[in-house]
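Okay, structure first, notes after.
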Amino acid sequence: MRQMLLATVLLGALVAGCAPKDGQPPSSDKTGPVTVFTGGTIYTGNADQPVIDAVAVGSDGRIVAMVPPTSADWGDEDVTIVDLDGSVMFPGFTDSHAHLLGIGQRELTLNLEGTASIDELVTRTEIEVWEKEPGEILFGRGWIETGWPEGRMPSAADLDQVSPDNPVIYVRADGHALVANTAALKAADVYDLNEDPTGGRVERGDDGKATGIVIDYAMAPVLELLSAPSEDDISLALETGAQTYVSRGWTGVHNMSVGRIEAPIMAGLAKEGRLPLRIYNAFDESAFHVAKSRRHETGTITNRAVKLYMDGALGSRGALLIEPYSDRPDTSGLELLDTNALHNLMMDAAEDDVQLAIHAIGDLANRHILETFSALGYGPEKRWRIEHAQILAPDDVAQVGALGLIASMQPSHAIGDLKFAPDRLGVDRLAGAYAWQDMLSGGAVVAGGSDAPVEVGSPLIEFYAATARKDLEGRAGEGWHPEQALSRQEALALFTSAAAYASFQEDDLGTIEIGKIADFSVFDRDLMTIPEEDILIAKPVMTVIGGEIVWRAAE
């Protein structure tokens, strides 16, 4: 009965004969069949018409009409109604910084996310090692020591208690550090005193022996103990990651640090209908030629960016700082790319029309990007991005927008990092940390992401973090700078219109408008009006990509 009523009401509206508003692209398919999404609240992301009653999508996957306004020429037999049943639809949410392969691998391997203490980590290791053959490696990812009662990172000695013979390798949540047991450290030949590589560090005791924590580029020999994933392994992880993401309400992802081998695999999966996600790839430096040539693109996959790394992460003290760490005055972090190399890579990217997405967390790493970009005379037409832009000297924040760089930031990093950032930096340096509002005020485009699998990878957690700037229990501590929180409208833009701009796709994505691609995220409650704590209990209902429902919650 409800669907019949909706069909009657909408058909009357659709045949009313109103033309698209001036300045909107014309419909590409006015006379063919349409799918109409209606029956709930629909936010367009467009300030001129923020809420509408219905959206009609043509057979080409583009929006052909909205109510209001309406477009004409459909008969009853041409209209399929999708009843939102009171749920709330938005332009498709895009995660502007995530690692799709890692998301899938997290689902398929030992996931250490949520481990609450070293004792729990050891207990989980003891359980897992029982299922391993002698000498077989135990690998996992996702631990983070923030809030652990022991007040420290795990060590080889902790893991040796329950796994003296099987190598154990556990990557920290940020991906910039790992803990390994003695068997793994010896197998990788990093246990005894060796010179650290540029951009990496092996933590050692007074005796020169590795303690178990290995950071950034020093991780390579440890990770080389693991068998390289086969193409089948990569395919399964990518497909699993995509399925996981659409089930959370994401329609797109800016996929970071993509390896050369992944490009043709992704293209094949997409053509087989096994990759239900819109993907914008930023390749690692070794795959620069893929971004330059735009090879292996499909209707849902774009390959035009390259990811560079200036420094490491704050938690593992690899972020490159102007002044030393407050809780480790002997180090100022790690420089993973020097300014001469950055200068040359920028020139190469400019010549080849490749977008750069540059990881920078510490204030010195961010300053190096600003200074080099400015010295080369580049501007906003490049749409080059600073990935994370977490800690900047306060005077440098406004330079991001002034120079035309894009700040690709992850709100959940702030609500996690700010539990330990005062120790790492001191409260004074937090004035330029996770400065979303100041970035916007300075004219920067801020694209929002999650950095999953470093974080959970939930659009609801990211939206909550951006607007509440509190942890998941509703708490905020000293130095959290609540004035940096965003309005609901600003937060929505982070994951919709700003994400589209940051990937050169604003003509097709980011808002609900006639002529644009019909990518929609649907949730069970109104994220724009509910109390902030209720955002975390909202649930995805439907994910639509190119007008097709690629995921729908069970009844």
_Given charges at beta-carbon only (K, R positive; D, E negative), |dipole| of segment 430-542 in Debye_ = 80
_5 Å binning of all Cα-Cα separations within segment 416-543, expressed as whole percents from 0 upward_ = 2, 10, 17, 21, 22, 15, 8, 4, 2, 0, 0
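Counting only DSSP beta bridges with both residues in segment 99-214, tell me the antiparallel percent, nearest 5. Please list the in-between numbers first.
Working: 7 of 14 bridges.
For segment 99-214, the DSSP antiparallel bridge percentage is about 50.
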_Antiparallel %, DSSP beta bridges [both residues in the chain], to 5_ = 45
_Sequence-separation-based contact order of the chain, relative, with Cα cut under 8 Å and 6+ spacing, percent_ = 16
*asked:* Please report Rg (one decimal) and Dmax (integer) in Å for the Cα set of segment 281-338.
replied: 16.7, 50
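With the other protein chains left in place, how much accessible area per residue, in square angstrom, belongs to segment 261-335 at a 1.4 angstrom probe?
Working: 2750 Å² over 75 residues.
Result: 37 Å² per residue.
Which order do 226, 403 take when ranked by solvent-accessible area (1.4 Å probe, heavy atoms of all protein chains), largest first? Don't skip to the answer; put the middle values down first.
Numbers: 226 50, 403 25 Å².
Solvent-accessible surface, decreasing: 226, 403.
Taking Rh as the Kirkwood radius, which is the inverse of the mean 1/r over Cα pairs, what is the Rg/Rh value for segment 407-471? Kindly include the intermediate steps, with their values, before the conclusion.
On the way: Rg = 11.8 Å, Rh = 12.3 Å.
My calculation puts Rg/Rh at 0.96.
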_For segment 299-391, take N as its residue count and report Rg(C-alpha) divided by 2.2 N^0.38 Å._
1.15
_Per residue, in Å², the accessible surface of segment 378-502 once ligands and nucleic acids are set aside, probe 1.4 Å_ = 30
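How do 323, 113, 131 rank by accessible surface area computed with a 1.4 Å probe, from largest to smallest?
Putting 323, 113, 131 in descending order of accessible area: 131, 323, 113.
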*Kindly provide the pair-distance distribution of the chain built from C-alpha pairs, with 10 Å bins from 0 and whole-percent values in order of increasing distance.*
4, 18, 27, 26, 16, 7, 3, 0, 0
*Below 17 Å Cα-Cα, how many Lys pairs turn up in the chain? Only count pairs eight or more apart in sequence, or on different chains, if you could.*
8
_Nearest-10 value in Å² for the accessible area of residue 280, using the 1.4 Å probe_ = 10
*Provide the per-residue ³J(HN,Hα) series for segment 308-321, in order, calculated from phi with Karplus coefficients 6.51, -1.76, 1.60 and θ = phi - 60°, each as a whole number of Hz, with x at glycine and proline positions.*
10, 10, 8, 7, x, 10, 5, x, 8, 6, x, 5, 7, 10
*Tell me, what is the 1.4 Å probe accessible area of residue 490, in Å² to the nearest 10?*
60
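Starting from the residue with the highest accessible area, list 289, 296, 99 in decreasing order, probe 1.4 Å. Intermediate values should be presented prior to the final figure.
Details: 289 80, 296 60, 99 40 Å².
I get 289, 296, 99, largest accessible area first.
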*At 1.4 Å probe size, with no ligands or nucleic acids counted, give the accessible surface of residue 423 in Å², nearest ten.*
90
*When the Karplus curve 6.51 cos²θ - 1.76 cosθ + 1.60 is applied with θ = phi - 60°, which whole-Hz ³J(HN,Hα) does each residue of segment 41-56 get, with x for Gly and Pro?*
7, 10, 8, 8, x, 10, 4, 6, 8, x, 9, 10, 9, 7, 10, 9
_What is the percent carbon and sulfur in the accessible area of the chain, measuring with a 1.4 Å probe over the protein chains and ignoring ligands?_
49
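The values are calculated or read from the model by the stated rules, or taken from the named source; none is laboratory data. Keep in mind that what you see is a predicted model, and the values were worked out from it rather than measured. We place every Cβ from the backbone using ideal geometry, glycine too, and count neighbours over all the protein chains shown. What goes into the accessible areas is simple: the full protein's heavy atoms, side chains included, and nothing from ligands, DNA or RNA. Shrake-Rupley method; radii C 1.70, N 1.55, O 1.52, S 1.80 Å.
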